[in-house]
Amino acid sequence: MKLNLGAKKAGIHLQENVNLGVAIEDDLPETITKRELWRVAQGQYDPLGLLCAYTIRFKILMRSLTEENTGKVVGWDEPIPKGAYLAFCGVVKRLGDLRAIVFPRAIKPREAVKGKPILMMFGDGSVEASCALAYLRWEMEDGSVQCCLVAGKTRVAPKCKITIPRMELVGALLAVRLARKIMD
């Protein structure tokens with residue numbers, strides 16, 4: 001996990017990465033543009049969606065930059081509103097905590113009994129987003145079970161009003177598509 005809001009020249013950052021330590025607010029600039037916010041969100045490499053519970057916060061923040069009543073959209077190079085800036089600071093503060101999260105490279109534990117695991121899918125929806133998570137359940141030699149996260153997928157709710165049951169269905173659809181992709 002890294003954060004660099006500085007400009008680039010020939011693909012190389014001109015400034016040092018922001019220290020993701022205790023006082024991250026001191027290293028952040030006074031104003032953030034929509035372009036910089038999106039660069040930070042897309043700069044987090046997570047191809048399997050294992051950190052999707054965290055990265056969805058950036059997407060929800062990006063969606064909030066469109067005013068619902070007037071339809072006004074914040075431009076890419078305009079400073080974001082103060083409320084969005086504070087939300088951005090709150091999300092970035094937790095970026096350093098993600099360094100402590102570790103996933104094993106092997107999906108199958110060493111002590112697992114030979115045979116096929118059980119693929120367990122979980123889908124959920126809320127007012128802001130829907131998600132799907134895939135776990136593999138392995139039986140161990142001592143009779144216990146071990147589950148490991150395989151992949152995750154999230155989707156932000158549209159700006160138009162949508163019901164929670166419909167978002168639950170979107171989460172279920174995400175789960176079915178993710179299960180098919182994993183089984184293939």
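The values are calculated or read from the model by the stated rules, or taken from the named source; none is laboratory data. Remember, it's a predicted structure, so these values are computed and weren't measured experimentally. Using ideal geometry, Cβ is built from the backbone for each residue, glycine included, and neighbour counts are taken over all protein chains shown. For the accessible areas, the whole protein counts, side chains as well, though only heavy atoms, and no ligand, DNA or RNA atoms are used. Shrake-Rupley method; radii C 1.70, N 1.55, O 1.52, S 1.80 Å.
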- Note on the structure: Of the conditions (1) closer than 30 Å to residue 30 by Cβ; (2) under 15 Å from the mean Cα position of the chain (by Cα); (3) among the aliphatic types (A, V, I, L, M); (4) open to solvent by 20 Å² or more (accessible area, probe 1.4 Å), the single one that residue 129 does not satisfy is (4)
- So, of the residues in the range 157-184 that are among the hydrophobic types (A, V, I, L, M, F, W, C), touching a residue at least 60 places away in the same chain (Cβ under 8 Å) and open to solvent by 20 Å² or more (accessible area, probe 1.4 Å), which turns out to be nearest to residue 65 (Cα to Cα)? 182
- Message: What's the total number of residues in the range 127-171 that are in a strand (DSSP E or B), out of contact with any Lys or Arg (no Cβ under 9 Å at 6 or more places or on another chain) and over 25 Å from residue 45 (Cβ atoms)?
- Response: 3
- What about residue 176, is it on the phi < 0 side of the Ramachandran plot and modelled with pLDDT under 95? no
- Quick one: would you say residue 41 is open to solvent by less than 100 Å² (accessible area, probe 1.4 Å), part of a helix (DSSP H, G or I) and modelled with pLDDT of 85 or more? no
- Which one of these does residue 154 not meet: (1) in contact with a strand residue (DSSP E or B) (Cβ under 6 Å, 6 or more places away or on another chain); (2) open to solvent by 60 Å² or more (accessible area, probe 1.4 Å); (3) closer than 30 Å to residue 31 by Cβ? (2)
- Query: Is at least one residue of the range 59-68 more than 15 Å from residue 101 (Cβ to Cβ), part of a loop (DSSP other than H, G, I, E, B) and in contact (Cβ under 8 Å) with a residue 40 or more places away in the chain?
  - Reply: yes
- Query: Which ones in the range 71-103 are open to solvent by 100 Å² or more (accessible area, probe 1.4 Å) and either of a type in the set (A, V, I, L, M, F, W, C) or part of a loop (DSSP other than H, G, I, E, B) (or both)?
  - Reply: 72, 76, 77, 86, 94, 102
